[in-house]
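One structure is given below, encoded as structure tokens.
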Amino acid sequence: MLTEAATRTLADLPGPRGLPGAGNALQLKADRLHLKLEEWAQAHGPIFRFAIGRRTIVVFGEADPINAMLRERPDGFRRWTEIESVFRELGIHGVFSSEGADWKRQRRLAVTALNTDHLRRYYEIIRACTERLHGVLETAARAGEPYDIQSAFMAYTADITAWLAFGYDLNTLERETELQQHLERVLPLVSRRISAPFPYWRIVTPPKDRAALRSLAELRVAVAQFIGQARGRIAAHPDEPPRNFLESMLLAEESYTDEEVFGNVLTMLLAGEDTTAHSLAWTSWYMASSPALQEILFTEARDILGQDTHARDPQTADRFEHADATLRETIRMKSAAPLLFLEPLHDTTVGGVELPKGTHVIGLSRYAEADAADEKRQLAFGAGPRFCPGRNLALLEARSALAMLARNFEVSLPPNAPEVEERFGFTMSAHGLKVLLRERR
Ligand code: HEM
């Protein structure tokens with residue numbers, strides 16, 4: 001347990017002035033939450049408090065106390081209670097939203113499914129999706145119109161995650177499918193509900209929520225298909241060991257409920273799609289904004305790939321040092337997860353502040369990272385026992401896509417394009433990003 005001496009209580013902390021009853025709720029927009037909190041950290045210092053309705057929230061913007069809390073899980077800290085209840089109510093409750101013993105069991109399977117050996121054995125999946133992505137970008141380049149590259153990256157990451165974690169080839173890259181639009185609506189819904197001052201959805205369902213709930217219902221139908229296929233494969237080859245996360249859940253001795261299997265399939269899709277796709281989208285924005293960076297990435301890709309369009313094996317994918325460094329720096333500056341939601345399970349003290357059990361805490365991972373040059377203290381993928389198990393997959397698939405992009409296309413921003421904005425919807429996306437692509441020979 002954290003045992004430092006407390007010098008301040010919650011009441012002693014600085015913070016923005018709010019209104020009686022509403023607190024600071026009226027100063028916050030759900031889709032710009034991270035920007036407002038970072039602005040308040042500048043104004044009030046790295047540890048401050050604000051309120052949404054009657055709920056006081058303590059914000060930490062320094063790497064050390066955030067790291068300390070993350071490392072105290074699962075016994076000292078948990079994710080916000082609302083994360084579990086909202087995910088559970090929406091039927092997407094899995095390893096991300098679980099706690100305690102439930103989390104431990106699911107975590108083991110997730111880590112095994114996403115471990116480096118497994119990924120390298122199945123690199124062919126990443127390669128095939130990179131080749132498809134190349135085809136899709138080629139068509140966009142020939143059309144010559146401003147192009148929504150973030151959607152293409154979303155299809156790319158959804159296809160890889162589904163194929164690797166469930167053995168199911170969605171092929172949203174090449175097939176007309178609405179699955180991706182459905183996926184895109186779910187995390188913003190989660191975000192609205194978690195940060196709501198009260199459970200508004202018990203009283204009224206706004207149109208945005210209704211659309212997201214319809215999407216969730218469609219996703220459940222699609223997920224039932226993956227599970228049906230996996231059960232079919234297991235029945236046909238009963239002696240073979242599980243080949244992926246879904247088969248491990250279906251074959252595990254300690255059986256998983258249908259709700260847990262569903263929840264985890266959706267959790268993996270949601271965790272694996274947005275984060276990596278947004279990071280790739282921001283990287284393409286940096287490329288489009290910096291001809292010098294683009295030249296470095298192109299030269300590296302041409303030197304390694306020659307006339308080939310993409311990396312055909314994991315050893316080649318590992319050679320793109322500049323692409324890797326660009327991705328890591330992008331993930332640091334344009335963090336897909338700029339807010340980490342924590343809650344102490346006992347009364348405790350962090351950063352000299354007394355935190356009673358159940359206090360809502362937010363860690364500003366990007367803001368805190370600005371002073372965390374040491375990679376061990378960086379927070380873009382979290383830290384401690386709940387560190388992102390998909391980090392290596394994210395970096396491998398992103399490297400493969402970025403090397404392909406840099407080798408085959410020049411990326412630019414359309415003339416007079418509106419400014420690209422950071423938007424928060426549980427993950428942080430590049431809102432309004434459109435690029436022009438030109439094929440390289
Ligand atoms: C650039 C890409 C990604 C970023 C920035 C990212 C970031 C994060 C962060 C910050 C967390 C919370 C960690 C913590 O609480 O300490 C997390 C958790 C998680 N991520 Fe990722 N992630 C990425 C890609 C992926 C991918 C590709 C997958 C899987 C396909 C994935 C699966 C998960 C899961 C299952 C959890 C929950 C772990 C747990 O609660 O034990 N992530 N990720």
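Just so it is clear, none of the values below were taken in a lab; they were calculated from the coordinates. Just so we're clear, the structure is a prediction, and the values are computed from it rather than from any experiment. Note that we place each Cβ from the backbone using ideal geometry, even for glycine, and neighbour counts take in every protein chain shown.
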Among bridges DSSP assigns within the chain, what percent are antiparallel (round to 5)?
-> 85
With a ≥ b ≥ c the root eigenvalues of the C-alpha gyration tensor of the range 106-195, is it rounded (a/c under 1.5), prolate (a/b larger than b/c) or oblate?
-> oblate
Amide H contacts under 5 Å for Ile52, placed H, 5+ residues apart | Asn24, Ile57
Volume per residue of the C-alpha convex hull in the chain, rounded to whole Å³ = 150
Which whole-Hz ³J(HN,Hα) couplings does the range 189-196 yield from phi under the Karplus relation 6.51 cos²θ - 1.76 cosθ + 1.60, θ = phi - 60°, glycine and proline marked x?
-> 5, 4, 4, 4, 6, 5, 8, 5
Scan around Phe409 for amide H atoms under 5 Å from its own, H built in the peptide plane at 1.01 Å from N, and keep only partners 5 or more places away or cross-chain.
-> Arg440
Highest-fluctuation residue, Ile362, Ile234, Ile125 considered, GNM on the chain with Cα pairs under 10 Å | Ile234
Contour minus end-to-end for Ser289 and Phe387, with contour as 0.36 nm per residue of separation and end-to-end as the Cα-Cα distance?
-> 32.1 nm
Which aspartates and glutamates does Lys36 reach when only Cα atoms under 13 Å apart count, and residues fewer than 8 places away in its own chain are ignored?
-> Glu422
In vacuum, with every alpha carbon of the range 114-164 counted as one equal point scatterer, what does the Debye formula give for log10 I(q)/I(0) at q = 0.23 Å⁻¹? Two decimals, please.
-> -0.83
Looking only at the range 8-26, which residues have a backbone nitrogen under 20 Å from a spot 7 Å from the Cα of Lys357 in the C-beta direction?
-> 9-11
Does the range 201-345 come out rounded, prolate or oblate by the C-alpha gyration tensor, with a ≥ b ≥ c the root eigenvalues, rounded set by a/c under 1.5 and, if not, prolate when a/b is larger than b/c and oblate if not?
-> oblate
So how strong a dipole does the chain carry about its Cα centre when Lys and Arg Cβ are +1 and Asp and Glu Cβ are -1, to the nearest 20 debye?
-> 800
Fewest-first ordering of Thr81, Thr9 by Cβ atoms within 10 Å yields Thr9, Thr81
At Asn416 and His431, where each label point lies 7 Å from the Cα along Cα→Cβ, what is the point-to-point distance in nanometres?
-> 2.3
Shape of the range 1-148 from its Cα gyration tensor (a ≥ b ≥ c, root eigenvalues): rounded if a/c is under 1.5, otherwise prolate when a/b > b/c, or oblate?
-> oblate
Toward the positive end of the charge dipole of the chain, about the Cα centre and with charges on Cβ (Lys, Arg +1; Asp, Glu -1), which of Pro65, Pro16, Trp40 goes farthest?
-> Pro16
Return the single residue from Ile47, Ile227, Ile296 with maximal mean-square fluctuation; model: Gaussian network over the chain, springs between Cα atoms under 10 Å.
-> Ile296
How large is ³J(HN,Hα), in whole Hz, for each residue of the range 68-79 in order, when computed from phi with the Karplus curve 6.51 cos²θ - 1.76 cosθ + 1.60 and θ = phi - 60°, using x for Gly and Pro?
-> 4, 5, 4, 6, 7, 8, x, 8, x, 9, 9, 6
Exposed GluC sites (Glu not before Pro) absent - longest run of the chain, DSSP non-H/G/I/E/B, at most 15 other C-beta within 10 Å = 5-173
Note, ³J(HN,Hα) from phi for the range 96-104, Karplus 6.51, -1.76, 1.60, rounded to Hz, x at Gly and Pro = 5, 9, 7, 9, x, 5, 4, 4, 4
Going by how many other beta carbons lie within 10 Å of each one, how would you line up Leu173, Leu213, fewest first?
-> Leu213, Leu173
Estimated distance in nm for a label pair at Asp148 and Arg302, the labels positioned 7 Å out from Cα along Cα-to-Cβ = 3.3
Arg71 and Arg8 label points (each 7 Å along its Cα→Cβ direction) are spaced in nm at 2.3
Residue of Gly363, Gly167, Gly21 that the Gaussian network model of the chain assigns the largest fluctuation, springs spanning Cα pairs under 10 Å = Gly21
Centre separation in Å (Cα based) which lies between the range 83-137 and the range 147-196 | 13
Given H placed 1.01 Å from N in the peptide plane, which residues other than close sequence neighbours of Phe77 have an amide H under 5 Å from its amide H?
-> Leu345
What ranking of Thr257, Thr112, Thr276, Thr7 emerges when the number of other C-beta atoms within 10 Å of each C-beta is taken as an exposure proxy, fewest first?
-> Thr257, Thr7, Thr112, Thr276
